[in-house]
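Take a look at the structure below.
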Amino acid sequence: MREKITAVKGMNDILPPESARWEWLEDKVRSLMARYSYRNIRTPILEHTQLFVRGIGEVTDIVEKEMYSFEDRSDKHGGHAHLTMRPENTASVVRAVIEHNLLYDGGKRFFYMGPMFRRERPQRGRYRQFHQIGAEALGFAGPEVDAELILLAAALWRELGLVNWRLEINSLGQPEERSRHRAQLIAYLELHAESLDDEARRRLYSNPLRILDSKNPALQAVLEGAPRLIDFLGAASLAHFESLKAILDANAIPWTLNHRLVRGLDYYNLTVFEFVTDRLGAQGTICAGGRYDFLMAQMGGKAAPAVGWALGVERVLDLVKAQGVPFALVAPDAYAVVPDTAALPIALRTLQLLRSAGVSVQMHAGAGTDGIRSMKSQFKRADASGARFALIFGVDEVARNCVAVKPLRGDMAAEGNGQVPRSLSDVLAWADTLRVQA
């Protein structure tokens, strides 16, 4: 017997009925994005490695340790293309916008859904293949667009019935302001060098801002006393941040100022934010983003402001389940019971007509060497399917050019109402009754 092949560690199958919950979330997102005028964009899973090195930042955990990269000998002259499975999608969206000149007639709003890939230790809410839904607004400079994206995320939480979240915000200012803060931060951390862990020492001169994001309990006292970036911001950056907060307050969106919120990617400036929950343990961030006004030019395009966010689908669905948000599986309208193989041709023809009229029907299938299963067995399957009606293609019914419709749920079933014969000559005349009765 051959060895069983299993999925790659940290890359999970999404199976029914759980996949129905994913479809439910995706449907909510599509509907909400349409109301906010965000249009779908779909980018390749594979991109040139340099896209993420340049876009995310060379001195980041993602680029240094987590990317799935390889050489593809695809060049007809024998050259090697360095490719990476996308670890995030903002850089890909920006690349697509530049490549196709999408801002030629003004700003654009996009949303995306899809898998991302990072080589890290799998744990709850953190997988090697994970899924993100994101929203990006490119070509808009004002704080009102930052606020719009935050309001969009908050509206999604309402749509999903989520309540146990908090919004943390901060401003990273502009590069020159961050540079002044960086010098003071390094000087401060040098005074406390003996208290820094190995990771902080490694980042001290390459990316000191990320040290503020450390979760090491032993560092928290030192980090609490570190210089605050907001104290280095100029008037324009502060005005942008104050306008954002005013819009959030006007819309009754509660927020907390987190001076140590810096985000893990190098391309952010001005507004950064995270939606956080305490219900998922260590992986508490369910949605995060911010403004990245310099990324377009950094990627070789014409300079243009931009802001966006991404949410972790697995984490959001974990929170949906943790909060007990009610979720009903989609059941077929009807289940076809076929006790005799001779009735299969007329049964399948009838089901196709019903489906063309918008009725969802599940057909009993799987006749083995012993023939079709018993009526009792088929009715048991019909009940387990969640269908509201059974369509019985019995020998007597088919002989009379009929199908018997039997209610399985709702008032009619509770009252013991029996089977109702329906003509096979005019299926579309009664198809709607299967969808509107309960």
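The values are calculated or read from the model by the stated rules, or taken from the named source; none is laboratory data. The structure presented is a predicted model; accordingly, all values stated were derived computationally and were not measured. Please note: Cβ atoms are built from the backbone with ideal geometry, for glycine as well, and neighbour counts cover all protein chains shown.
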**OP:** Go through the residues of the stretch 102-122 one by one and say whether even a single one is assigned to a loop (DSSP other than H, G, I, E, B), buried (at least 19 other Cβ atoms within 10 Å of the Cβ) and not aliphatic (A, V, I, L, M).
**Re:** yes
Scanning the stretch 369-420 for residues that are at pLDDT below 90 and of a type in the set (A, V, I, L, M, F, W, C), the one farthest from LEU434 (Cα to Cα) turns out to be ILE372
Condition set among the β-branched types (Val, Ile, Thr) and not in a loop (DSSP other than H, G, I, E, B), scope the stretch 247-261, selection farthest from VAL145 (Cα to Cα): answer is THR256
Looking for something crowded, with 20+ Cβ neighbours inside 10 Å and of a type in the set (Ser, Thr, Tyr) - is there at least one such residue anywhere in the stretch 171-178?
yes
Notebook entry, point to check: In this structure, is ARG35 farther than 30 Å from ARG202 by Cα and either assigned by TED's automatic domain parsing to the domain that holds ARG118 or in contact with a strand residue (DSSP E or B) (Cβ under 8 Å, 6 or more places away or on another chain) (or both)?
Noted result: yes
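Inside the stretch 161-243, counting only helices (runs of 4 or more DSSP H) that do not spill past its ends, which hold 3 or more residues that are under 30 Å from LEU151 (Cα atoms)? Step through it out loud before you land on a result.
Numbers: elements: 175-191, 198-203, 220-224.
Helices (runs of 4 or more DSSP H) meeting the threshold: 175-191.
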Selection from the stretch 19-44 of residues of a type outside the set (Lys, Arg), outside any helix (DSSP H, G or I) and exposed (fewer than 14 other Cβ atoms within 10 Å of the Cβ) yields SER37, ASN40, PRO44
Just wondering, is there one or more residues in the stretch 245-264 that are touching a Ser or Thr at 6+ places or on another chain (Cβ under 9 Å) and buried (at least 19 other Cβ atoms within 10 Å of the Cβ)? no
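Kindly provide the set of residues from the stretch 243-277 that are of a type in the set (Lys, Arg), under 23 Å from GLU136 (Cα atoms) and in contact with an Asp or Glu (Cβ under 9 Å, 6 or more places away or on another chain), ordered by number. Lay out the reasoning, then the answer.
Of all residues in the stretch 243-277, those of a type in the set (Lys, Arg) come to 245, 260, 263.
In the following step, the residues that additionally are under 23 Å from GLU136 (Cα atoms) were identified as 245, 263.
The answer is ARG263, and nothing else.
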Got at least one residue in the stretch 306-323 being surrounded by fewer than 22 Cβ atoms within 10 Å (Cβ to Cβ), small (Gly, Ala, Ser) and more than 19 Å from the chain's Cα centre (by Cα)? no
Within the stretch 325-343, of all residues that are closer than 16 Å to ARG381 by Cβ and of a type in the set (A, V, I, L, M, F, W, C), the one surrounded by the fewest Cβ atoms within 10 Å (Cβ to Cβ) is LEU329
